[in-house]
Amino acid sequence: MTSPAPTGVPATYTDDQKHADMQVLHSMGYAQELERRMSRFSNFAISFSIICILSGGINSLAQATSGAGGAAIGIGWPLGCAVSAVFAIAMAQIASAYPTAGGLYHWGSILGNRFVGWLTAWFNLLGLVTVLGAINVGTYYFFYGAFGPALGMSDTIGTRIGFLVVITALQAVINHVGIGLTAKLTDFSGSLILVTSVVLALTFLACAPSWDVARLFTFHNYSGAAGGNVWPEMSTGWAFLLGLLLPIYTITGYDASAHTSEETRDAASAVPKGMVSSVLWSSIAGYIVLCSFVLMIPDMDAAAAQGWNVFFWAMDTQVPALWRDILYAAIFVAQFLCGMATVTSVSRMIFAFSRDGGLPASKTLAAVHPRFRTPVPAIWTGAVLSVLFVWGTSLVSFGETSAYAIVVSCTVIFLFFSFAIPIVAGLLAYGGAKWPKMGPWNIGRGPFMLAGILSILAMVLIFVLGVQPPNDNALYITLGFLVVSGLVWVLFERRRFMGPPIGAEIAKRQAAIRAAESAVGETR
């Protein structure tokens, strides 16, 4: 007989299941300080919310429409989604075996070594902090484009940063008060994205002057002035390849399922399924919405010339005003919740890295609030850093390019590097002493090896595309980061940073684990 589940946790989560989840965590040397309030759907929803096709898919549309035209969506979107999918499949296999917060860092350390884990953590952390800033900047510009003219807004640095401070603070407050509220809102976000996507697609098709499906498979070179100078002038082939950045940039963030492992029930099964299903459904929903949008466009040449304003131009041209504003409101809420879920992800990364001493002030950053059961210092640190990043880089320019735009161009490179490093370590460790036992979600050695090798090839493609003009400065920033990281490791961290507990160290932690769980009221 089992005791009743805690408030907010379905009765189907029994004491035996809870004990099994805790035992997995204890076996890796960590305490159950965070609270397991997330269902399988919630774990899917947090990644689905961060991917948010209503955020990246809309805010970055010009990468396709001002590049290779309709074919960049009709052909390019599924190809780009396949790139993200191979990463998700390979990472899901590892996540099933090692379901911990800050998963990627842990995987790199266990399957590789201390340096591999440390480097993975920094790539992931920098990527998450900058992507949080970029998501909320995108939300600002969507709000400005949708409602700014009616509100008399002016696009100044002060307005932009003020907007970011308000919405990032709200996102942090929601995360602060408990994973229960966050999970409910991400569940709502997942449903909102799906429903809004369907409504958007139907609206686009209803408002289309005709359904010229051939447009989705027609290549046209809009680089240079013809595309509002979104891309510099180049060949049609390069314009198409660079258009792959639209789905690749959009379909990321599924590592959030891994970051919330310690708050997810039956994490070893739920987390890998959440990662893979979030990519699958985002890819399908995004394809339907964006193909419908391309069909709605009255004139592809005129649309390409709009550059980054193509979405608002098409909506203003084709969709009735009242209905358009209702859709704008739904999209804005989805984008806000996308940022909220990203705060969750970055805070769990900070928390996990800090509890192993990876960051300055680690003891403070690894603290968990005894009432809310959330890593409060990590939440607010991630939120503040994202705003400071946007503010600081907005004040500096190199020629005609702001430092913000240069750093953001590195964000996805940093994130995918943090995905690729533990995947490579996993390929080398799979089936050996470092990875002797596979998790319950096991696709088999052959499929995992194939997904891992394809991920490496995809990483090469992402890096090459990510450092092309106008983002060529990303090459120097990435290489500079690698050099600085190497020096910091050799001079400082190699002797200081011990990484996650391994072997005998796990047994030594059992008393500390019991004390940590007692401090937050967790019972065994």
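For (1) over 23 Å from Gly67 (Cα atoms); (2) not hydroxyl-bearing (Ser, Thr, Tyr), each residue gets a yes or a no:
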position: Thr218; (1), (2): no, no
position: Trp231; (1), (2): no, yes
position: Leu244; (1), (2): no, yes
position: Glu263; (1), (2): yes, yes
position: Ala303; (1), (2): no, yes
Next on the checklist: For the stretch 307-328, give me the residue count where each residue is in a helix (DSSP H, G or I), open to solvent by less than 50 Å² (accessible area, probe 1.4 Å) and touching a residue at least 12 places away in the same chain (Cβ under 8 Å).
Outcome noted: 9
Checklist entry - Of the conditions (1) open to solvent by 10 Å² or more (accessible area, probe 1.4 Å); (2) over 26 Å from Gly148 (Cα atoms), Cys207 fails just one. Which one is it? => result (2)
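Considering only residues that are touching a Lys or Arg at 6+ places or on another chain (Cβ under 7 Å) and in a helix (DSSP H, G or I), which ones fall in the stretch 98-124?
Quick first cut of the stretch 98-124, residues touching a Lys or Arg at 6+ places or on another chain (Cβ under 7 Å) only: 101-102, 110-111.
Answer for the stretch 98-124, where residues must be touching a Lys or Arg at 6+ places or on another chain (Cβ under 7 Å) and in a helix (DSSP H, G or I): Ile110, Leu111.
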Checklist entry - What number of residues in the stretch 81-118 are open to solvent by less than 10 Å² (accessible area, probe 1.4 Å) and among the aliphatic types (A, V, I, L, M)? => result 9
Next on the checklist: Can you report the number of residues in the stretch 375-434 which are open to solvent by 40 Å² or more (accessible area, probe 1.4 Å) and touching a His at 6+ places or on another chain (Cβ under 8 Å)?
Outcome noted: 1
Checklist entry - Between a first residue in the stretch 467-493 that is in contact (Cβ under 8 Å) with a residue 24 or more places away in the chain and a second residue that is surrounded by fewer than 11 Cβ atoms within 10 Å (Cβ to Cβ) and not in a loop (DSSP other than H, G, I, E, B), which pairs have beta carbons less than 9 Å apart while being 6 or more apart in sequence or on different chains? => result Asn473/Phe398
Item to check | Answer from Leu245, Leu280, Leu202 - the residue that is within 15 Å of the chain's Cα centre (by Cα) and open to solvent by 50 Å² or more (accessible area, probe 1.4 Å) | outcome: Leu280
Checklist outcome for this item: Of (1) in a helix (DSSP H, G or I); (2) in contact with a Phe, Trp or Tyr (Cβ under 7 Å, 6 or more places away or on another chain); (3) modelled with pLDDT under 95, Asp187 satisfies every one except (3)
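Please specify each residue of the stretch 364-374 satisfying the condition of being out of contact with any helix residue (DSSP H, G or I) (no Cβ under 9 Å at 6 or more places or on another chain) and either open to solvent by less than 40 Å² (accessible area, probe 1.4 Å) or part of a helix (DSSP H, G or I) (or both). Explain how you work it out, then say what you get.
Narrowing the stretch 364-374 to residues out of contact with any helix residue (DSSP H, G or I) (no Cβ under 9 Å at 6 or more places or on another chain): 371.
Residues satisfying the conditions do not exist here.
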Checklist outcome for this item: Only unsatisfied item for Ala45, checking (1) over 22 Å from Thr186 (Cβ atoms); (2) open to solvent by less than 10 Å² (accessible area, probe 1.4 Å); (3) not in a loop (DSSP other than H, G, I, E, B), is (1)
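For the stretch 491-503, what are the residues that are in a helix (DSSP H, G or I) and open to solvent by 70 Å² or more (accessible area, probe 1.4 Å)? Even if it seems obvious, please write down each step before you answer.
If we filter the stretch 491-503 for residues that are in a helix (DSSP H, G or I), which is where we start, we get 491-496.
Result: Leu491, Phe492, Arg494, Arg495, Arg496.
Could you grab me the full set of residues in the stretch 56-80 that are open to solvent by less than 10 Å² (accessible area, probe 1.4 Å) and assigned to a helix (DSSP H, G or I)? Break it down stepwise before answering.
Here is the first cut: in the stretch 56-80, the ones open to solvent by less than 10 Å² (accessible area, probe 1.4 Å) are 57, 61-62, 64-74, 76-77, 80.
Gly57, Ala62, Ala64, Thr65, Ala71, Ala72, Ile73, Gly74, Gly76, Trp77, Gly80 - these are the residues of the stretch 56-80 that are open to solvent by less than 10 Å² (accessible area, probe 1.4 Å) and assigned to a helix (DSSP H, G or I).
Pick out the one residue from Ala429, Ala420 that is in contact with a strand residue (DSSP E or B) (Cβ under 6 Å, 6 or more places away or on another chain) and either at pLDDT 95 or above or of a type outside the set (Asp, Glu) (or both). Even if it seems obvious, please write down each step before you answer.
On the way: Ala420 fails: in contact with a strand residue (DSSP E or B) (Cβ under 6 Å, 6 or more places away or on another chain).
Selected residue: Ala429, the only one of Ala429, Ala420 that is in contact with a strand residue (DSSP E or B) (Cβ under 6 Å, 6 or more places away or on another chain) and either at pLDDT 95 or above or of a type outside the set (Asp, Glu) (or both).
Just to check your reading of the model, which residue among Ser66, Ser49 is within 15 Å of the chain's Cα centre (by Cα) and in contact (Cβ under 8 Å) with a residue 60 or more places away in the chain? So that I can check it myself, show each step before the final result.
Working: Ser66 fails: within 15 Å of the chain's Cα centre (by Cα).
The unique qualifying residue is Ser49.
Inside the stretch 201-250, can you point out the residues that are β-branched (Val, Ile, Thr) and assigned to a helix (DSSP H, G or I)? Walk me through how you get there before you give the answer.
Taking the stretch 201-250 as the starting set, the residues that turn out to be β-branched (Val, Ile, Thr) are 203, 213, 218, 230, 236, 248, 250.
Listed by number, the residues that qualify are Thr203, Val213, Thr236, Ile248, Thr250.
Give the residues of the stretch 161-173 that are open to solvent by less than 50 Å² (accessible area, probe 1.4 Å) and either over 10 Å from Asn136 (Cβ atoms) or touching a His at 6+ places or on another chain (Cβ under 6 Å) (or both), sorted by residue number. Full working, then the answer.
Taking the stretch 161-173 and keeping what is open to solvent by less than 50 Å² (accessible area, probe 1.4 Å), we get 161-164, 167-169, 171-172.
Once the filter is applied, which keeps residues that are open to solvent by less than 50 Å² (accessible area, probe 1.4 Å) and either over 10 Å from Asn136 (Cβ atoms) or touching a His at 6+ places or on another chain (Cβ under 6 Å) (or both), the stretch 161-173 yields Ile161, Gly162, Ala169, Ala172.
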Checklist outcome for this item: In the stretch 455-480, residues that are buried (at least 18 other Cβ atoms within 10 Å of the Cβ), part of a helix (DSSP H, G or I) and not β-branched (Val, Ile, Thr) total 7
Next on the checklist: Among (1) surrounded by 21 or more Cβ atoms within 10 Å (Cβ to Cβ); (2) of a type outside the set (A, V, I, L, M); (3) out of contact with any Cys (no Cβ under 9 Å at 6 or more places or on another chain), there is one condition Arg215 misses while meeting the rest; what is its number?
Outcome noted: (1)
Checklist outcome for this item: The correct count of residues that are open to solvent by 10 Å² or more (accessible area, probe 1.4 Å), touching a helix residue (DSSP H, G or I) at 6+ places or on another chain (Cβ under 7 Å) and of a type outside the set (A, V, I, L, M, F, W, C) in the stretch 179-195 is 1
Item to check | Of all residues in the stretch 30-42 being closer than 12 Å to Lys184 by Cα and in a helix (DSSP H, G or I), the one that is least open to solvent (accessible area, probe 1.4 Å) | outcome: Ser42
Checklist entry - So, in the stretch 119-144, of the ones that are open to solvent by less than 10 Å² (accessible area, probe 1.4 Å) and of a type in the set (Phe, Trp, Tyr), which residue ends up farthest from Ile167 (Cα to Cα)? => result Phe123
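Look at Phe351 and say whether it is in a helix (DSSP H, G or I), surrounded by 22 or more Cβ atoms within 10 Å (Cβ to Cβ), at pLDDT 95 or above and in contact with a Phe, Trp or Tyr (Cβ under 6 Å, 6 or more places away or on another chain). Talk me through it step by step, then tell me what you get.
On the way: in a helix (DSSP H, G or I): yes; surrounded by 22 or more Cβ atoms within 10 Å (Cβ to Cβ): yes; at pLDDT 95 or above: yes; in contact with a Phe, Trp or Tyr (Cβ under 6 Å, 6 or more places away or on another chain): no.
The answer is no for Phe351.
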Checklist outcome for this item: Taking the stretch 248-277 and keeping only residues that are open to solvent by 10 Å² or more (accessible area, probe 1.4 Å) and more than 14 Å from the chain's Cα centre (by Cα), one is left with Arg265, Asp266, Ala268, Ser269, Lys273, Ser277
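The values are calculated or read from the model by the stated rules, or taken from the named source; none is laboratory data. Everything numeric here is computed off the predicted structure, so don't read it as measured data. Ideal geometry is used to build each Cβ from the backbone, glycine not excepted, and the neighbour counts take in all protein chains shown. What goes into the accessible areas is simple: the full protein's heavy atoms, side chains included, and nothing from ligands, DNA or RNA. Shrake-Rupley method; radii C 1.70, N 1.55, O 1.52, S 1.80 Å.
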